[in-house]
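For reference, the structure is listed below as structure tokens.
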Amino acid sequence: MLLHDLFAALRMLRRSPGYAVTCIAVLALGIGANAAIFSVIYSVILKPLPYPDPSRLVMVWERFPNMPDQPGSRLQSTHYTYQGWQRQNTVFSDMAAFRDMSLNETGVERPDHVDTGFASANLLPMLGVRARLGRLFTSGEERPGSDHVAQLSDAFFESHYHRDPGVLGRSITLDGVSYTIIGVLPPRFHLPAVAQGMDQMKPDVWVPLSRLWKSAEDETEHQLYVAARLAPGATLAQARTQMDGIEQRLAELNPSYNKGWTASVYPFEVEDTSPTLHRALYVLLAAVAMLLLIACANLANLTLARATLRTREITIRLALGATRARVIRQLVSESLLVSLAGAGVGLMLAYWSIQGMLALKPPDIQRPELIDINWTVFAFAAALSLLTTLLFGLAPSIAASSADLNATLKSAGGRGGSAARLRSRQFLIAIEVALALMLVSGAGLMLRSFYQLVSVGVGFDTEHLLTLEVDLPQQRYPNGEVQSRFFHNLLDRTRALPGVAMATVVDNLPLHQIRLTSFKFVGRPAPPVDALPLADVAYLDPQFFRVLGLRLIAGRFLTDADMAQTEKEQDSVAVVNETFVRKFSPNENPVGKQLLSGSTRTRQYTTEIVGVVSDFTPVGAENGKRPQIFSSNLKLNQATLLVRTRGAPEAFGKALQSTVWSLDRNLPADKPLTMDYYSNDILAQRKFNTLLIGIFAALALLLAMFGIYGVLSNLVTSRVREIGIRMAIGASPAEIGRLILRQSLIPLGIGLAIGLAGTFALSRFLEALLFQVQAHDPLTLAASAIAILVISPVALYVPLRRATAVDCTVALREE
């Protein structure tokens, strides 16, 4: 029976190709957009992580209570603390440590940075990883002297060794140390993002964790990420309680290292994506759901109009004995065919949309290589096609099958429409306009937010700034003296380049990275360890302030003499920013004040404040201004060369690389990046979200206007006889136009009112995605409503013109 209905439905649709193609196209837009966004949400949020029993995998962190929850609750562990956790815990069946850093590959034609992972031998087995070629390293190879072994990622194996199985047993030299390649990891393996908002770790080469320990000080540095697997029967709450207890015992045993510190434990799936990304994706899903609802309202209007034209046919079938259920089934079958075809085309659109989204390289999207059209997305699309069948097919089918047989058979042709059907179509128009307004308002809010973010800027001019990261391997640059000599020579040669206006070196490049330090004011009562004030700290060449264009507020800038003094002794001078003064010294002149810097776990030293400079936002305007301490010191093993050029900065890239290689041919000099690159990277997520919701809003507006046009056009067609009678008894074309316009504007006004109410109701979901813009911003809401009112005449023009051009003689003769 169902098959017979489907074949009959196919024959009917072939007789109305325009209707079928229109419905399929509209549905394809709605279902395709939903399938594309759902595929991203499924891959990024819903799909289980690719590890055995991932729900029992957790990240264990140190927590410093005085710091904000992010990043204060997710601080890397020291080796000392990690060993204490291993010895004393009973809630984990396994615990492993790892970290990554960039090492220099030498002994090759062109030196390069290699992202290197350092891991305890049990990390990969705990995650269920097996080598695709060779083997993993063992616990016996995690000891000094036996730890010169390496495992390659599949991507590095392909790009550097062209998948040659003979790679096993060969050597790779990283920072002057030779490692024997013993294995290759499986394709697509990588760790999750170890903390919310961070990128996933995808090291090219893995080496034993013991390779990190080069000195006794390394044991006390916060540099380890710790992963663990909950023991059978253990809960997350039990793990958190026990780890806090272990931290307290460690603090009692060694107060200088652990006093004031606690622990925090979070599941892998919580760490892998940020709450902001979750909210952004679900807002996008809500947007495409509204788009689909608008499409369904459109199709319901089309179906109602078509059912009106088929009223006489349906009535005759009922008069000949067909049951109402049989007629409804037949009409729903037509809607089902259209929905399935729309879903099929929509999946193709979704596939192309996903490729387009990935081409834009959206930030914060984890596992982008796994986003595709899979069976789950197919099932989602199938469910949507059934839902749309019910939304736009069932109600019109029931309405069409409810026609009065006597009244319809007595009519001249079954044309026309009842007042109930007119109200139904007006209701659907109101819903379309309301949903379109909500989408347009959301897009407008995000656009204004993005504009505000760009307008605020980062506090310094990013144009004509070029950066180049430089890492000095410890084997060839073992101490601060040779490191400082290298950077001084690099600056001298860079400043001598034609077209270079200024150059400096800084260890924490603005918009790229930050490092925190704790401190206290000399002469003030010492705060508790867990309440020490915190500020960003950066070591740099004194020209840094001029290169960025920062203003001097009080005191003086740093000088070369300051840097020479600092490099001789740890006690030094520093410059702070305005936010530092407002937060820590608001009612006194900070110049001349002395700070005791460094944590209790390291040697503390005295720093005198000699100046105050203007603020900038080191991690972007969205994250606000932060207290900062600047000190001159080039005893650095990693830093960034920052150059202000007189021309386009991109033209100086090769010159900077050549300058580095003129000092050391074995140093990698990765592609130089402009400061605009980092600025745009910070804005990329907002730009991506704004672009997508803007596209969806434009589609929603287009579909809503199409729906208004369709309903009015059909309204005029179905009321030709009425219009002819009105004109025959003296109504002018202008009066007819005003009548139709009034009946059209009523649902438009109702839709705007509903849309404004809906926007207010959903505003709290948008708040986290906005910057310096209220979610119920009246200017944006008014502009969105005006946009719909301005565009609406485009949809109204043709039907109104047709209505006022009716010839009453012809109309009455046809009826």
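The values are calculated or read from the model by the stated rules, or taken from the named source; none is laboratory data. Predicted model only: the values in this text are computed from it and were never measured. All Cβ positions, glycine included, derive from the backbone under ideal geometry; neighbour counts span all protein chains shown. For accessibility, only protein heavy atoms count, side chains too; no ligands or nucleic acids. Shrake-Rupley method; radii C 1.70, N 1.55, O 1.52, S 1.80 Å.
With respect to the conditions (1) open to solvent by 40 Å² or more (accessible area, probe 1.4 Å); (2) more than 31 Å from the chain's Cα centre (by Cα), Gly128 lacks only one, and its number is (2).
Just one of the listed residues (Gly694, Gly724) is modelled with pLDDT of 75 or more and on the phi < 0 side of the Ramachandran plot, and it is Gly694. With the condition kept exactly as written, say whether any residue in the range 254-264 is at pLDDT 80 or above, of a type outside the set (Ser, Thr, Tyr) and within 37 Å of the chain's Cα centre (by Cα). Scanning the range 254-264, I find at least one residue that is at pLDDT 80 or above, of a type outside the set (Ser, Thr, Tyr) and within 37 Å of the chain's Cα centre (by Cα), so the answer is yes.
Taking the listed residues Thr138, Thr106, the one that is polar (S, T, N, Q) and without any contact (Cβ under 8 Å) to a residue 60 or more places away in the chain is Thr138, with no other qualifying.
The C-beta contact set for the range 512-541 (first residue more than 20 Å from Lys635 (Cβ to Cβ), second residue of a type in the set (A, V, I, L, M) and in a helix (DSSP H, G or I), distance under 9 angstrom, 6+ apart or interchain) comprises Ser518/Val529.
Can you confirm whether Arg546 is out of contact with any helix residue (DSSP H, G or I) (no Cβ under 9 Å at 6 or more places or on another chain), at pLDDT 90 or above and of a type in the set (D, E, K, R)? Yes.
Taken together, the criteria exclude Ser658 from residues that are in contact (Cβ under 8 Å) with a residue 12 or more places away in the chain and of a type in the set (Gly, Ala, Ser). With respect to Phe118, determine if the residue is in a loop (DSSP other than H, G, I, E, B) and surrounded by 21 or more Cβ atoms within 10 Å (Cβ to Cβ). Spelling it out, it is not the case that Phe118 is in a loop (DSSP other than H, G, I, E, B) and surrounded by 21 or more Cβ atoms within 10 Å (Cβ to Cβ).
Filter the range 563-587 down to the residues that are open to solvent by 90 Å² or more (accessible area, probe 1.4 Å), farther than 21 Å from Leu534 by Cβ and not in a loop (DSSP other than H, G, I, E, B) and list them by number. The answer is Lys568, and nothing else. Does the range 506-554 hold any residues that are surrounded by 16 or more Cβ atoms within 10 Å (Cβ to Cβ), among the β-branched types (Val, Ile, Thr) and over 30 Å from Leu683 (Cβ atoms), and which are they? Hit for the range 506-554 is Val529, nothing else.
For every residue, the table says whether it meets (1) aliphatic (A, V, I, L, M); (2) modelled with pLDDT of 90 or more.
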{"residue": "Leu516", "(1), (2)": "yes, no"}
{"residue": "Val522", "(1), (2)": "yes, no"}
{"residue": "Pro527", "(1), (2)": "no, no"}
{"residue": "Asp541", "(1), (2)": "no, yes"}
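In the range 275-297 there is no residue that is open to solvent by less than 60 Å² (accessible area, probe 1.4 Å), of a type in the set (D, E, K, R) and in a helix (DSSP H, G or I). Taken across the range 413-421, residues that are of a type in the set (Lys, Arg), open to solvent by 20 Å² or more (accessible area, probe 1.4 Å) and modelled with pLDDT under 75 do occur, with at least one present. Counting only residues that are open to solvent by 20 Å² or more (accessible area, probe 1.4 Å) and closer than 28 Å to Asp175 by Cβ, the range 449-470 holds 1 of them. Kindly indicate whether Ala300 is in a helix (DSSP H, G or I), over 26 Å from Val129 (Cβ atoms) and modelled with pLDDT of 90 or more. No; evaluated as a whole, the condition is false for this residue.
Among the residues of the range 613-630, are any in contact (Cβ under 8 Å) with a residue 40 or more places away in the chain and closer than 25 Å to Gln474 by Cα? Scanning the range 613-630 turns up at least one residue that is in contact (Cβ under 8 Å) with a residue 40 or more places away in the chain and closer than 25 Å to Gln474 by Cα.
Return the total of residues in the range 141-163 being within 37 Å of the chain's Cα centre (by Cα) and under 21 Å from Val129 (Cα atoms).
In the first step, residues of the range 141-163 are kept if they are within 37 Å of the chain's Cα centre (by Cα); the result is 149-163.
Now narrow it down to the ones that are under 21 Å from Val129 (Cα atoms): 149-158, 163.
Within the range 141-163, residues that are within 37 Å of the chain's Cα centre (by Cα) and under 21 Å from Val129 (Cα atoms) number 11.
Screening the range 77-107 for residues that are open to solvent by less than 40 Å² (accessible area, probe 1.4 Å) and assigned to a loop (DSSP other than H, G, I, E, B) and picking the one that is modelled with the lowest pLDDT gives Thr78. In this structure, Ala651 does not qualify as in a helix (DSSP H, G or I), more than 22 Å from Phe580 (Cβ to Cβ), touching a helix residue (DSSP H, G or I) at 6+ places or on another chain (Cβ under 8 Å) and in contact (Cβ under 8 Å) with a residue 24 or more places away in the chain. I'd like the residue in the range 154-183 that is open to solvent by less than 50 Å² (accessible area, probe 1.4 Å) and free of Cβ contacts under 8 Å to residues at least 12 places away in the same chain and, out of all such residues, is nearest to Gly117 (Cα to Cα). In this case the residue turns out to be Tyr161. Among all positions in the range 771-790, there is no residue which is at pLDDT 80 or above, under 19 Å from Leu293 (Cβ atoms) and surrounded by fewer than 17 Cβ atoms within 10 Å (Cβ to Cβ).
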